[in-house]
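Note sheet for the following structure.
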Amino acid sequence: MAVRSSLPWPLRWIAGALMLGFSAAIALWAFEFGKGIAGLDTNAKEELSLLRQEVISLRSDRDKAQSIANTSGSLLTAEKAAQDKMMSQIKQLELENRSLRDDLGFFEKLLPAGSTEVATIRSLQAELLSEMQLKWQVLVIQPVKNAPNFNGKLELTLNGTQAGKPWVMTLPGGAQVLQFKQYHRVEGVLDLPPQAVVKTVTAKVIEGTTVRSVQIFKF
């Protein structure tokens, strides 16, 4: 003899599904209820919020440190460039100073014993840089050892033609003041007027009202 259920199998499937769903709902409720009782969910949210704030703070500190590092690097680079430039200038000044000492020694060897001359033009040079510019240079020395300080002036005069007519030009600011002991080099660049042709450049060293030396450069 066999005992059979009075419920058809579709209804039995539905009933089983309802029982499983009900059991799952009870299990989920029990889990959430247990977390609420233990306080795990609330603490996790608070800890997560604190961790996020700490990450933001750490990122801010990192950005500040990176900015300081970048600024320090730029300052070190600029300081090194300034030091290199200063060293280059020092070397150039040392070379110029050595050259001046060599010139002084050379000129002292040329000085005749017992000479009484003062403020003599040793060299006058002129060069046309272009049709509108002339570069000039004058070297003045006192050809006597242990010479006293010289106080005078230098006059420079250009002679030639402009548009076929006689033309004369002097230094724009007038005579240059000369104050030196043993020797002195003076130079400059003059702007020439249009159609000017320079034929001679004359330099004069004057002390008070007395002309001490004259030299002419011809083109």
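Within segment 126-150, the set of residues being in contact with an Asp or Glu (Cβ under 8 Å, 6 or more places away or on another chain), modelled with pLDDT of 90 or more and surrounded by fewer than 19 Cβ atoms within 10 Å (Cβ to Cβ) comprises MET132, GLN133, LYS135, GLN137. Residue by residue through segment 154-177, note down the ones that are surrounded by 15 or more Cβ atoms within 10 Å (Cβ to Cβ) and either assigned to a strand (DSSP E or B) or more than 40 Å from the chain's Cα centre (by Cα) (or both). Across segment 154-177, the qualifying residues are LEU154, GLU155, LEU156, LEU158, ASN159, GLY160, GLN162, TRP167, MET169.
Residues that are among the hydrophobic types (A, V, I, L, M, F, W, C), over 15 Å from ILE216 (Cα atoms) and in contact with a strand residue (DSSP E or B) (Cβ under 7 Å, 6 or more places away or on another chain) within segment 154-175 comprise TRP167, LEU171, ALA175, listed in sequence order.
Scanning segment 183-205 for residues that are of a type in the set (A, V, I, L, M), assigned to a loop (DSSP other than H, G, I, E, B), out of contact with any helix residue (DSSP H, G or I) (no Cβ under 6 Å at 6 or more places or on another chain) and loosely packed, with under 15 Cβ neighbours inside 10 Å turns up nothing. Based on what the data block shows, is LEU58 assigned to a helix (DSSP H, G or I), modelled with pLDDT under 75, surrounded by 10 or more Cβ atoms within 10 Å (Cβ to Cβ) and not assigned by TED's automatic domain parsing to the domain that holds ILE141? Spelling it out, it is not the case that LEU58 is assigned to a helix (DSSP H, G or I), modelled with pLDDT under 75, surrounded by 10 or more Cβ atoms within 10 Å (Cβ to Cβ) and not assigned by TED's automatic domain parsing to the domain that holds ILE141.
Quick grid of which residues meet (1) modelled with pLDDT under 85; (2) among the hydroxyl-bearing types (Ser, Thr, Tyr); (3) outside the structural domain of THR200 (by TED's automatic domain parsing); (4) in contact with a strand residue (DSSP E or B) (Cβ under 6 Å, 6 or more places away or on another chain):
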site	(1), (2), (3), (4)
LEU93	yes, no, yes, no
ASN97	yes, no, yes, no
LEU100	yes, no, yes, no
PHE106	yes, no, yes, no
SER115	yes, yes, yes, no
LEU124	no, no, no, yes
GLY152	no, no, no, yes
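The values are calculated or read from the model by the stated rules, or taken from the named source; none is laboratory data. If you're wondering where the values come from, they're calculated on a predicted model, not measured in any experiment. Using ideal geometry, Cβ is built from the backbone for each residue, glycine included, and neighbour counts are taken over all protein chains shown.
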